[in-house]
Structures are given as C-alpha cells and as structure tokens.
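Below you'll find the structure, written out as structure tokens, and then a few comments.
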Amino acid sequence: MRLRVRVRVRVRLRLRVSVVTDEGRHLLRRRRADDPTHELLNGEDEADAAAAAAAAAAMATMEDSDSDDDDMQRKEYVEPKLNRRREIFDMGLHFILILLLYQSTSEKRELRDALALTQSLKRIFVEADYNDKTFMDVRTFADVWDWTEGTLVSGLFDSDVDATGNIMMYNQLVGAVRFRQVRVSNISCNISPKIQRRVEIASRKFQQSFVFQGPIEPCSPSNPTECTGGGECFFEYSEEKRDVHDFGPCTTDGRAALLGTPGLSIEQINKYNETCGGPEPFQGSGFKYYPAALVKAPSYLIFDGGGYVRDIRPDEPLPGADIPTVPKDRMLADIDELKKMLWLDERTRAMFVHFSVYNANFNLYAACNLIFRFSPGGVITPIPKFKVMKIDLYEGVKEMSDYLTSVEFQYDAALMLLFFRLFIKEFVRYVSIRWTYGTSIPYITNIWNMLEIANLIPYIIAWVTRMLFSSSELRWVYTKGMFATRYAELGPVADFYVLAFAFDSLSIIISFLKLFKYFRLFDATSLLWVVLESATKDMAYFFLMLFLFIAGFALFAEQMFGPTLRVFADTLSSATTLLNILFGSVAVYRDMVRTAQETTLAVLFFIIYVVWMFFILVNVFLAILNDYYGAAKGAEEERNEQKAEKRREAAALRAANPPPSYLDRMVKLQKAARGRFHRFKSRIKGFTRRPVIYRRHRDES
C-alpha cells in the first residue's frame with residue numbers, strides 16, 4: 001500500500017511526496033530482486049534507497065500543472081446553468097449601483113454652477129472684443145499684445161461695478177498672474193547647404209542660412225551653438241530642441257540689440273544686467289528659463305511645464321484687508337516692458353497666460369489658461385482652457401465626525417460596499433475556475449466576466465486619482481493660504497479633479513452596457529443581444545475591411561488636401577473628417593473643391609468615396625445585421641410556437657383525463673389510509689408472537 005500526499009505549487013509546478021510503508025518496502029525489495037543490476041538492500045540502506053526513489057520521483061514530476069492531470073482526469077469546463085433567481089437579485093443590486101453612482105457624481109460637482117462660471121469667464125476673456133477683434137481672432141504678434149493690454153487687463157480690473165477689483169462682480173483673482181513661454185533653439189532643424197552661405201567673422205568661419213535676413217552678429221560666448229553652423233532654423237517644439245538659454249536683456253548681445261529701441265532707456269535695458277531671475281524665482285525679467293519641476297505647470301499637447309516665466313504678483317494686503325490685489329498700473333508696465341524687450345520672437349512656440357479665479361457663491365475655483373500657439377509656419381492659434389473644480393473632496397467636512405453627516409460620503413460608502421462585493425464575487429469566481437480546471441481561459445473568454453472587470457477598473461482608477469488630488473502638495477499649500485501674493489498653480493490639481501470625474505463617467509457607461517447581461521433573462525429584451533452575439537464574427541471582418549478602406553482614403557486625402565486644409569493636415573484628422581462625411585456631414589466638400597490643386601480629381605475622389613463607403617459598405621453592414629436579426633427573430637418565434645404547442649398538448653391531455661373530483665379524492669385517500677392501517681396492525685401482531693415461538697423452540701431443544 002502506498003500513500004501519496006501531493007502539494008500543488010502556485011507557480012504551476014507540482015511536487016509529489018511519497019511515503020513508503022512496510023508493504024511498499026516489501027514491493028521495493030521484490031522489484032530489486034528481479035533486477036540483476038541491483039543488490040537487495042536491508043535496514044537503513046533500504047530506507048535511504050526508498051527516500052532517494054521518492055525524491056527522484058518528485059523531481060521527475062515537476063512539470064506544468066496544466067499539461068499533467070496529476071493522475072486525475074481534468075474536468076472540461078462547462079458554462080454553468082443560468083440561475084434566474086440569483087441573476088434577478090444581482091440585477092436589482094446593479095440598478096441600485098447605477099443610481100448611487102450617478103447621484104454620487106452629481107453631488108460632488110454642480111454642473112450648472114460650473115457651466116455658469118465657465119461662461120462668465122469666456123464672455124469676459126474670449127468673446128470680448130478689442131479693436132473689433134476677439135481672442136479667437138488673434139493672428140499676429142501685435143494682436144497678441146493688443147489683446148493682453150486690452151481685453152485681459154480690462155477683464156481683470158475693469159469688469160466690476162465698484163473698486164473691489166473683482167472679475168464680473170463675483171469672481172476674485174487668486175494670487176499672481178503668470179506669463180510663460182516655451183522656445184526652440186536656432187538649430188532645431190537641418191537646412192540644406194545649398195541655401196546657406198559661408199560667413200567669416202573675427203577669423204572664424206561658419207554657415208549661415210538665408211531664412212532670416214538681417215545683420216550678421218558675432219558669436220555669443222553665452223550661446224556657442226550659434227557658431228556651430230546650421231543657421232537660424234526654428235522647428236516644432238520638443239524637449240530635445242527646446243531653448244534653455246537666457247536671452248534678451250539677460251545677455252550682452254541681447255542688450256546690444258535693444259539699444260535704440262523706442263521707449264527703452266539705457267537704465268531699463270541694463271535693469272537685468274546683474275541678475276536675470278530676480279530675488280525669488282519667477283520675479284525676474286521673464287527671460288530666464290525655469291525647468292518643469294520648479295514651475296509645476298501642467299503639460300499641454302507637446303509642451304512641457306517648463307519655460308520662461310514672469311509673475312506679476314499682487315501687493316501685500318492693506319491694513320484691515322484680507323485679500324491682496326494686483327495693481328493695474330504695474331501690470332500694464334510689466335506687459336509693456338515684455339513687449340518692448342521683444343519677449344516674443346521667432347523662437348517662441350507657445351505663450352501661456354495663467355491665473356486662477358475663485359467664486360464664493362458657488363465655492364468653485366477656476367484654473368484659467370489662455371494659450372497662443374505659434375507654428376513654424378507662422379500661424380498663431382488661440383486656445384482657451386478653463387478647468388473648474390472644488391478644492392475640497394467633500395464639501396463642509398472639516399473633522400472626522402463630519403463624514404457621518406455628509407451625504408456625499410454616505411453615497412460613496414454605499415458605492416464602495418457594492419463594488420467591494422463585486423470584486424469579491426469576481427475574485428472567488430476566478431479562483432474557483434483556476435483551481436478546478438487548471439486554466440484561466442474559461443474566465444477570460446467569458447464576455448460577462450470581462451465586463452465586470454471593465455466596470456471595476458474605472459471606479460478604482462477614479463478613486464486613486466481622487467487620492468492623488470487630496471494628497472497633492474499644491475492643494476494643501478493653497479488650502480492653507482489661497483489668497484497670497486504668490487501665483488496659485490491649480491493646473492495639476494484641476495487635472496486630477498477632472499480626470500476623476502472622467503473615469504466616473506466611464507464607469508457609468510460600462511454599467512449601462514452591463515445591463516445586457518440581465519436582459520438575457522427575458523425574451524422581450526434578449527433579442528438585441530442575441531443578434532449582436534451571433535453577428536460578432538461577421539461584424540469583426542466588416543469593421544476590419546472598413547478600417548482598411550478608411551485608412552487608404554485617409555492617406556490619399558492627406559496627401560491631396562493636406563497642404564491646403566487643416567482638417568486633412570495629418571492622418572488622424574483626415575480619417576476623422578472622412579468619418580464625418582460618412583455620417584452625413586458633407587460641408588467640407590466645398591472647401592475640398594475650392595482649395596484643391598486639381599478640382600476634377602477632388603470631385604472624383606468625393607464621388608468614389610461616397611459611393612463605395614456609403615452606398616456599398618454601409619448597406620453590407622445593414623444586410624449583416626438584418627440577416628442575423630431575421631434568424632434570431634425566427635428562432636424566437638419557433639421557440640414560442642413550441643411552448644404554445646406544449647401548452648396545447650397539456651391542455652388536451654387534461655381534457656382527455658380530467659382530474660378526479662374532490663369527493664373522489666377523499667374516497668381514495670380514505671381507502672389508502674385504511675389499507676395502510678391494516679398493514680400496520682398485522683405487523684404489530686407479528687412482533688407480539690415472536691417471543692412465544694422463540695421459547696417453544698428453546699424448550700424443544
């Protein structure tokens with residue numbers, strides 16, 4: 001007899017430990033006696049040999065647990081039968097989860113208040129006009145400075161009804177106003193030698209391009225890259241091509257170039273001769289570079305958070321006043337200084353105007369970012385960004401005891417319990433399948449399990465983002481002293497705030513998609529899912545072909561219309577435009593014909609695209625769905641007919657063999673009870689006669 005104890009290792013290896021009993025040793029001696037190459041071992045030698053054999057067997061059986069059935073036949077996975085009662089219970093809980101999720105998201109953020117604050121800021125800074133132009137009409141460097149000195153300053157200081165300095169009466173400027181720009185070096189792209197010329201200055205020769213005509217300046221010791229060739233070429237911004245050197249009045253060459261500028265005295269030019277950065281960071285000239293780790297501004301598109309920064313800080317509050325204010329005259333003077341010292345030039349790739357606003361009526365903060373993007377082609381693109389947020393995770397909660405009375409926290413606590421139940425349920429299901437069948441494939445290939453995971457992940461990410469929001473260093477600093485003389489950088493905090501709600505919204509969408517799981521319980525609502533499930537394979541092939549054709553047409557349109565139309569400037573924009581045409585938005589057709597180099601080719605492209613994509617592929621898609629819908633509808637009608645036939649057969653059977661009347665049932669029950677009573681009585685009599693018969697046999701013996 002051999003007793004085997006198996007220990008399953010979770011790294012998919014198995015170790016078999018064999019305990020050999022006396023009978024096992026006897027069998028071992030018999031096997032070795034039959035083998036002439038081994039001697040019979042006794043005593044301790046035999047025990048050592050048995051242990052060595054067990055170890056060898058254990059080492060030999062270390063293999064993949066999925067490929068070995070461990071002397072047991074692996075069960076083949078079979079989808080469990082649908083438990084309607086349990087699924088209906090889960091459906092009720094899921095409806096409660098959707099309602100709580102929506103209510104929790106709505107309680108944390110008042111969308112109407114946020115919209116009102118955003119519209120107010122847009123009206124004063126984006127839609128307000130200067131010289132019959134608005135923010136979105138900025139096209140030149142002069143327009144940038146005109147908007148800054150006109151609309152920006154007027155909106156910050158002149159939009160109130162009194163002298164308190166509020167923005168549109170109710171919005172208070174928080175901290176300083178920050179001007180920031182990012183720049184590229186003058187060797188950020190390669191120029192063909194055919195359009196360069198050899199220049200010799202002070203016995204030094206180097207290449208200079210013909211791109212920007214102007215006086216030839218000697219090599220600058222502060223920026224030796226100007227003497228290494230390449231010429232003045234300014235490409236798109238990137239971390240590798242960005243400029244980090246001081247410029248303007250912070251360099252000898254810059255001060256020399258500013259001599260004679262109207263409105264600038266020698267004292268003003270030499271103002272930053274000794275120090276360019278000022279006594280504190282961001283208080284200097286604006287011509288000194290600061291890295292992103294120090295600026296802590298959020299990244300936007302291809303631009304990082306660093307750059308050349310100039311803060312216009314408010315004065316200290318007057319006695320009896322709680323809020324420091326920025327003097328309008330000093331802000332105008334600083335903006336005029338930046339303009340005259342050529343703070344914006346051909347190296348500038350983006351200019352940012354940052355400031356924060358607080359509205360006490362809504363208890364909302366707004367991180368305002370007004371951006372001017374300068375392309376290498378000379379196009380200025382204005383981009384307004386307003387991010388509205390609350391600085392507190394739960395409004396009105398200051399102490400631990402306040403959490404119990406907070407409605408927002410109560411909603412979140414209930415949601416956490418429901419999502420925790422969902423997590424435990426899925427974890428147990430996965431472990432059960434993995435342990436029973438030795439593989440995770442049945443769990444992964446089940447679409448409902450993956451939908452449950454997809455429902456969990458956004459909610460978890462949303463709460464991780466909220467924890468980052470709550471623990472943000474910037475949030476804690478400005479919570480303790482928001483209205484200070486420093487600049488209030490709320491951009492990264494606002495990003496966390498907005499991102500958390502984005503994942504909440506994603507979780508709501510997936511929760512609604514999960515309702516298809518419970519629609520299977522009812523014939524009236526399961527038809528749509530049956531159609532989609534049946535047509536999955538054909539629809540996958542169709543969307544693959546659609547993607548290939550869209551990609552082909554997008555590449556063609558990019559090369560044909562990209563140089564003249566922004567909507568075809570890159571592959572992604574081109575594909576998006578073609579999809580809009582497929583959905584019926586054909587307004588771009590006129591621009592295609594008007595700006596195309598070959599009008600006939602543009603017309604042919606549009607006709608071929610519409611005929612092939614709309615009249616052929618879209619109808620193929622509808623035909624696929626119609627075919628499977630007809631099949632699913634026919635199968636459902638057949639099932640309903642079979643159920644009706646079974647009901648008719650049961651009714652006919654009941655009519656042919658009607659059930660007995662109440663009186664007949666009582667008579668039958670009485671007879672059955674009487675028969676059982678007689679059988680029980682005779683059995684009792686048999687028990688009472690057995691001792692007499694036993695004594696009679698004993699006396700006779």
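The values are calculated or read from the model by the stated rules, or taken from the named source; none is laboratory data. Remember, predicted model here, so these are calculated numbers, not experimental data. Cβ atoms come from the backbone with ideal geometry, glycine included; neighbour counts cover every protein chain shown.
Some values worked out for this structure:
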{"quantity": "Helices (runs of 4 or more DSSP H) within the range 392-486 that include 2 or more residues more than 24 Å from the chain's Cα centre (by Cα), modelled with pLDDT of 85 or more and not polar (S, T, N, Q)", "calculated": "407-437, 441-444"}
{"quantity": "Check on Glu399, outside the structural domain of Ile461 (by TED's automatic domain parsing), in contact with a helix residue (DSSP H, G or I) (Cβ under 8 Å, 6 or more places away or on another chain) and free of Cβ contacts under 8 Å to residues at least 60 places away in the same chain", "calculated": "no"}
{"quantity": "Residue check, Lys681 over 27 Å from Ala569 (Cα atoms) and modelled with pLDDT of 85 or more", "calculated": "no"}
{"quantity": "Residue count, the range 418-435 (criterion: surrounded by 13 or more Cβ atoms within 10 Å (Cβ to Cβ) and of a type in the set (Val, Ile, Thr))", "calculated": "1"}
{"quantity": "Residue among Ala596, Ala623 that alone is buried (at least 17 other Cβ atoms within 10 Å of the Cβ) and either in contact with a strand residue (DSSP E or B) (Cβ under 8 Å, 6 or more places away or on another chain) or not polar (S, T, N, Q) (or both)", "calculated": "Ala596"}
{"quantity": "Pick from the range 273-302, criterion among the polar types (S, T, N, Q) and over 30 Å from the mean Cα position of the chain (by Cα), ranking: surrounded by the most Cβ atoms within 10 Å (Cβ to Cβ)", "calculated": "Ser285"}
{"quantity": "Filter result for the condition that a residue is on the phi < 0 side of the Ramachandran plot, in a strand (DSSP E or B) and out of contact with any Asp or Glu (no Cβ under 8 Å at 6 or more places or on another chain), over Val153, Val144, Val174, Val182", "calculated": "Val174"}
{"quantity": "Members of the range 587-603 that are small (Gly, Ala, Ser) and assigned to a helix (DSSP H, G or I)", "calculated": "Ala602"}
{"quantity": "Filter result (of a type in the set (Phe, Trp, Tyr) and in a helix (DSSP H, G or I)) within the range 509-559", "calculated": "Phe512, Phe516, Tyr518, Phe519, Trp529, Tyr541, Phe542, Phe543, Phe547, Phe549, Phe553, Phe556"}
{"quantity": "Looking only at the range 240-272, and only at residues there that are hydroxyl-bearing (Ser, Thr, Tyr) and surrounded by 15 or more Cβ atoms within 10 Å (Cβ to Cβ), the one that is modelled with the highest pLDDT", "calculated": "Thr251"}
{"quantity": "Test result for Arg520, basic (Lys, Arg), surrounded by 14 or more Cβ atoms within 10 Å (Cβ to Cβ), touching a residue at least 12 places away in the same chain (Cβ under 8 Å) and touching a strand residue (DSSP E or B) at 6+ places or on another chain (Cβ under 8 Å)", "calculated": "no"}
{"quantity": "Tally of residues being assigned to a helix (DSSP H, G or I) and within 29 Å of the chain's Cα centre (by Cα) across the range 560-586", "calculated": "15"}
{"quantity": "Single condition Ala596 does not satisfy, out of (1) over 17 Å from Leu546 (Cα atoms); (2) of a type in the set (A, V, I, L, M, F, W, C); (3) modelled with pLDDT of 85 or more; (4) over 33 Å from the mean Cα position of the chain (by Cα)", "calculated": "(3)"}
